[in-house]
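The values are calculated or read from the model by the stated rules, or taken from the named source; none is laboratory data. Just so it is clear, the structure is predicted and the values come from calculations on it, not from any experiment. Positions of Cβ are backbone-derived with ideal geometry, glycine not excepted, and every protein chain shown enters the neighbour counts. Ligands, DNA and RNA are stripped out before the accessible areas are found, and what is left, the full protein with its side chains, is counted by its heavy atoms. Shrake-Rupley method; radii C 1.70, N 1.55, O 1.52, S 1.80 Å.
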There are 4 protein chains.
Amino acid sequence: MTKTHTVSIIGASGYAGAELLRILSRHRHCTVRGLYAGSSAGQSLTGAYQWQKEYAGLQYEEFEPSKLADSEAVFLALPPGEAAQIIPSLSHDQLLIDLSGDLRLTDSSEYETYYGRQHAGALTSKAIYGLPEWNRSSIGSSRLISNPGCYATSAILPLAPLLADGLIEPDGIVINSMSGVSGAGRKAALELNFTEVNETVKAYRVGDHQHIPEIRNALESATGKKTSFVFVPHLIPITRGIYTTITASAASMLDPAKVAESLGKHYDDDVFVRWHASAVPEIRNVVHTNFCDIGFRVIDGGKKIVLMSVIDNLGKGAAGQAVQNMNIACGFEEGEGLL
Amino acid sequence: MTKTHTVSIIGASGYAGAELLRILSRHRHCTVRGLYAGSSAGQSLTGAYQWQKEYAGLQYEEFEPSKLADSEAVFLALPPGEAAQIIPSLSHDQLLIDLSGDLRLTDSSEYETYYGRQHAGALTSKAIYGLPEWNRSSIGSSRLISNPGCYATSAILPLAPLLADGLIEPDGIVINSMSGVSGAGRKAALELNFTEVNETVKAYRVGDHQHIPEIRNALESATGKKTSFVFVPHLIPITRGIYTTITASAASMLDPAKVAESLGKHYDDDVFVRWHASAVPEIRNVVHTNFCDIGFRVIDGGKKIVLMSVIDNLGKGAAGQAVQNMNIACGFEEGEGLL
Amino acid sequence: MTKTHTVSIIGASGYAGAELLRILSRHRHCTVRGLYAGSSAGQSLTGAYQWQKEYAGLQYEEFEPSKLADSEAVFLALPPGEAAQIIPSLSHDQLLIDLSGDLRLTDSSEYETYYGRQHAGALTSKAIYGLPEWNRSSIGSSRLISNPGCYATSAILPLAPLLADGLIEPDGIVINSMSGVSGAGRKAALELNFTEVNETVKAYRVGDHQHIPEIRNALESATGKKTSFVFVPHLIPITRGIYTTITASAASMLDPAKVAESLGKHYDDDVFVRWHASAVPEIRNVVHTNFCDIGFRVIDGGKKIVLMSVIDNLGKGAAGQAVQNMNIACGFEEGEGLL
Amino acid sequence: MTKTHTVSIIGASGYAGAELLRILSRHRHCTVRGLYAGSSAGQSLTGAYQWQKEYAGLQYEEFEPSKLADSEAVFLALPPGEAAQIIPSLSHDQLLIDLSGDLRLTDSSEYETYYGRQHAGALTSKAIYGLPEWNRSSIGSSRLISNPGCYATSAILPLAPLLADGLIEPDGIVINSMSGVSGAGRKAALELNFTEVNETVKAYRVGDHQHIPEIRNALESATGKKTSFVFVPHLIPITRGIYTTITASAASMLDPAKVAESLGKHYDDDVFVRWHASAVPEIRNVVHTNFCDIGFRVIDGGKKIVLMSVIDNLGKGAAGQAVQNMNIACGFEEGEGLL
């Protein structure tokens, strides 16, 4: 098999960028052409890459749009704000997958409220929300994909089937998430210093996290239901992984078999969403994978349900899902490079 | 100052027992007379204790009721079930503080449902629930104190003021907690092996944890309100500490000043409950202390509130609170040994 | 490609067993036939395996020699002592790879001193020591392979080239190692409880660890040099990985170029040993791989050298190396399933 | 008891500064007058301090020498280089304790080689090396104390008795240390980001760490012996604590009783050095204390010894030892505030 599909990564020196490189290196159809990074431009790859002969010569380059001329797919793994500045300069003949969040909200005032900066404008309307399990056919014909947020992915996947099937009330939902520290990005920051994070927990952006409108919009778009929920993210001392625990009220008395039926109906043909009627999800089962595992408990005699989901924030929550989207958009097997 | 108050610890080789010894060793009025342990009986103290001259001679002893004759206070730091077997054999002239949970529920069927063993019977009705901030005067005149559970303490303290003052709806509350591993006790168990716990998160006993009836009863007793809530505990990879995040609906539009007023009214005279109108609690601020820190966010335009609390599960969640209770019952300064 | 090579794992429920299953599942020539476990026999696979459809039906079975009839290769991932009891009952037409340590020492008194149990006898003389980089041709024609110990692998690989080339003194070597907790095996043990291991470090078996004779014998066999060294292992709070730091005296004034030349000569054709003339090894670069990374510093004006090596104790230190050995013995590509 | 001794901390916002504040707050003779910090000047105290009423009003101030007028003792907890710039401007009527390292080496070329900046000059000759167990009487009459380095403390304390008593060879010593991340200081740095440090180990400054000349000089000054050794520090994923493992050759056949006798002779009157003839030290036994625990194994039939020591790098390795020095210089009980 020849590797005929040429790809480039902009923002290659961050954690999502490094994970993209790791996945694409074992992808049977892809050759990584360019690795672009800002402050790391001109530097060799570090970490495990410097020990590996085939990467020994590689360097991060300064990005210029013209360098992408022969790339068939481009991944943008930049922080929010930086991506929006680059995207307009890119040719849209190529497949472009943006991991930044800059294309996730079409409403400019919503973006400005939650992201605290100017909206990317009309471009956002052209981007397809890259959640394959609920949007596969649109992704297949798209050239501009907005890759979902990590918390958003972990919340939408367990909620959407039950909402779509009318099993739970769309209001009064409570979403609590715990994230590993790599979710905050690869950067020098006192609050991410090991000593500040280890052996402690801290909630943050309570009630105003930027994934709140993304979850709300995606749930409405996937299920037709307007929802209201409280979302509280927490930083916990692990490197990778998100645990999301959701409490919702039953629309009418729930029984576990109906929940299982709903999850099965929506996900049994999906490679990357696994659900279990009795086991409780654990982050370690999905770390370094593109899986989302979903478990549940029907409690209070059928009046309430607790849904639990886990993903790797750099896998299904970022780079893994981005490659899954590329596979769909390019007609490769959906799991190529990811299994 | 002479140390004239003699105390003993039953179950001294566990984590709560060791923490009791640590606190009581610096208590200006107490002398630790006996350290009783089951499987460790006959062994010397381990860990830091074996390096410290004044403990070098000490051994755990096999427990017999007669050995407590000259102890003025006795702490039971045994697992549930074991405590219930011992308590009836003890003289109740002494102050007895039970950390096991066996005396926390007066309703035998409730106990049997949640603890999965036989109830300790009528004895439980004589025990005072040792949550000083809501029960101080009863504790002061009690000889049998049931020390609260760790999760329960972390949930009741933030909720009780707002419930008592009618600021939040008593129904539809969602309580999510994350606990360090020492909360599971000092024992050999595969699921507590470092490799099984590190770099992962796992919810457990979703909807059926034994602290559920304890929280419900204590809230009703403290505030007169019957509540309904969902409680989900999670095990996270830290040694000590609990983080509890609670979502509740406002009774009528909430403003942050009213929440602050309520917390201030109930807790400003309490040494060990600290609250903050803007800072978010962090576990590391309370580890190795007897403090409970409470923070909050009023969100959704005043319709919802998120309360966050942190304690050290071995401090305010076990040994610290037990000593606080002893201090109250014995007329010592409430913070003696704890500040 | 059809998977025509049938393999079985005895001791499949431990950490090395689970890692073997993970590697063999992606091996293009192997089908895993039987998973044998003692106390877990009759149980379904847990952890990530229970979430994965293709493993959903699998169970651990009780081991009986007859069940191996159609297995072409058998991995024994049992604790020392248990393996020795089983090996004599096995047919030696099959390729047998023992990870236990029971076949590593041919001298019975040495085994009894360091392992504290009876030696497996003459069988040990038939076993080939499975360190491919120094023993590849013997492995290729062997049917009984003794897989090296994790610490031993991490110490032998950096030392052997410099000893073989006469660059360092064979006496006065000091080897300090730090190991993650999975190295102690998957078991319930108080000293492996998260709370006992987290946020601390502890040396153990100082000067009498069972890998001492293994290192000494393997170095002599590989290089013809009798060595003397002190070996001190430490337990540190990480899940996987070994860091080994070795100090040795130069035979004559060393310069870094000679060290690089020696490492290059011995390892540049090896896929799984990587060395670097300036970068310092880090455990995270080799976790979940079969690599051993080696770095060094020549200090004190050429009189001393510090060698540093890292492996994943479950990868190159156990399951990875075992599969590498099978690949060599079966004529597969050496890196199959491992890259 | 009135608190009549006024102290100030320069560099109060770092980890050592915060630990000084914590210790001095419970010191029965000290009042903390000023907390000086560079970039944090004008800010309120953070972390646990913001939750505690008595600290609620406190702020870090910009440092000016005149502000120290009424401080009887001044602690400098600044990074190397910054301290040297401030010290000459201070009045030396006050007791000054410098934790930075800038006064530890009297030889300017040695300082410049290992610290990479200009030496503080003649001032360094006036400073007393504040290792109480070997320098108590000089400390008692000093007004300028250079507080030892953390690694240095952990290496000197176990080695000095055996060297002084001629039990070990002064040459060929190997010192391996592992340090928690707080030892690198409170700062924003990519290499200290949780994700970069967690689940890995890395040696650094192999053979050229700035504590090498400090250890050599202090050992010579304490024991009269010139030594040669290799020192390799490692960063490990814990917050606090240092583990140091030392290998040395016996001067003549060693037996454990002689080692115990030597340690006992030198340390049995010292409060803060604990030794044990059989137990192996563990970091967790000394975290949040001012203790140094020392253990040992005589191996290879008496030809070699392995010494192991543990300290809290912020306790006996920094703030704790600094307060111990102040206690000695001011005539307080040596353990005041530290037990």
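For region A:293-339 versus region A:128-204, the spacing of their alpha-carbon centroids is 10 Å. Summary: within chain D, the longest segment free of trypsin sites (Lys or Arg not before Pro) located in DSSP loops with at most 15 other C-beta atoms within 10 Å is D:29-116.
Against the criterion of solvent-accessible heavy-atom surface with a 1.4 angstrom probe, C:Met326, C:Met253 sort, most first, into C:Met253, C:Met326. If R0 is 41 Å, the Cβ-Cβ spacing of D:Glu54 and A:Ala41 corresponds to a FRET efficiency of close to 0.25. Of all complete DSSP H helices in chain D, not one has a Cα span along the helix axis of 24 Å or greater and a mean Kyte-Doolittle hydropathy of 0.0 or more. Counting from the shortest, the label point at A:Gly331, 7 Å from Cα toward Cβ, is 4.0, 9.1, 9.3 nm from the same position in each remaining copy.
For B:Ala251, the distances from its label point to the matching points in the remaining copies are 3.4, 7.9, 8.6 nm, ordered from shortest, with each point set 7 Å beyond Cα toward Cβ. In this assembly of identical copies, the label point of A:Gly38 (Cα plus 7 Å along Cα-to-Cβ) is separated from its counterparts by 2.5, 5.7, 5.9 nm, sorted shortest first. Take every Cα pair under 8 Å whose residues are at least 6 apart in sequence, average their separation, divide by the length of chain D, and the relative contact order is 18 percent.
Does the protein assembly as shown come out rounded, prolate or oblate by the C-alpha gyration tensor, with a ≥ b ≥ c the root eigenvalues, rounded set by a/c under 1.5 and, if not, prolate when a/b is larger than b/c and oblate if not?
Working: a/c = 1.29, a/b = 1.00, b/c = 1.29.
It comes out rounded by the Cα gyration axes.
With a sphere of radius 11 Å drawn around the Cβ of B:Gly34, what net charge do the other residues whose Cβ falls strictly inside it have (Lys, Arg +1; Asp, Glu -1)? Please report the intermediate quantities before stating the final value.
Details: positive: B:Arg33, B:Lys67; negative: B:Glu61, B:Glu62, B:Glu64, B:Asp70.
Overall, the nearby charge balance is -2.
Here each label is just a point 7 Å from Cα along the line to Cβ, and for D:Arg22 and C:Lys67 those points are 5.2 nm apart. Buried on complex formation within region D:232-255 (loss of at least 20 square angstrom of accessible surface versus the isolated chain, 1.4 Å probe, ligands and nucleic acids ignored): D:Val232, D:His234, D:Ile236, D:Pro237, D:Ile238, D:Thr239, D:Tyr243, D:Thr245, D:Thr247.
Between C:Thr31 and A:Ala277, how high is the FRET efficiency from 1/(1 + (r/R0)^6) when r is the Cβ-Cβ distance and R₀ = 45 Å? Nearest 0.05.
Working: r = 29 Å, r/R0 = 0.64.
After rounding, the FRET efficiency stands at 0.95.
Label separation (B:Glu220 vs D:Lys3): 4.7 nm, computed from points 7 Å beyond Cα along the C-beta direction.
Please compute the contact order of region A:74-151 in relative form: average sequence separation of alpha-carbon pairs under 8 Å and at least six residues apart, divided by the residue count, as a percent. If you can, show how the numbers build up before the last one.
Numbers: 122 pairs, mean separation 25.7, N = 78.
33 percent.
Using 0.36 nm per residue of separation minus the Cα-Cα distance, give me the extension gain between C:Arg117 and C:Ser252 in nm, one decimal.
Working: separation 135, 0.36 × 135 = 48.60 nm, distance 4.21 nm.
Gain on stretching C:Arg117 to C:Ser252: 44.4 nm.
Do you know the relative contact order of region C:40-79, to the nearest whole percent, from alpha carbon pairs under 8 angstrom that are 6+ apart? Kindly include the intermediate steps, with their values, before the conclusion.
Values: 28 pairs, mean separation 14.6, N = 40.
It comes to 36 percent, rounded to a whole number.
Computed with a 1.4 angstrom probe on protein heavy atoms, the C-D interface buries about 3000 square angstrom of accessible area in total.
Taking amide H as placed 1.01 Å from N in the peptide plane, A:Val230 has its amide H under 5 Å from the amide H of A:Ile173, A:Val174, A:Ile175, each at least 5 places away in sequence or on another chain. How big is the gap, in Å, between the Cα center of region D:93-125 and the Cα center of region C:48-76? Going from one Cα centre to the other spans 65 Å.
Interface burial in region B:299-321, defined as at least 40 Å² less accessible area with all protein chains than with the chain alone at a 1.4 Å probe, covers B:Ile299.
Surface composition of chain C: carbon plus sulfur atoms contribute 49% of the solvent-accessible area (1.4 Å probe, protein chains only, all chains present). Label-to-label distance for D:Glu261 and C:Ser109 is 3.2 nm, based on points extended 7 Å past Cα in the beta-carbon direction. Taking all protein chains as shown and a probe of 1.4 angstrom, B:Glu336 keeps an accessible surface of around 20 Å².
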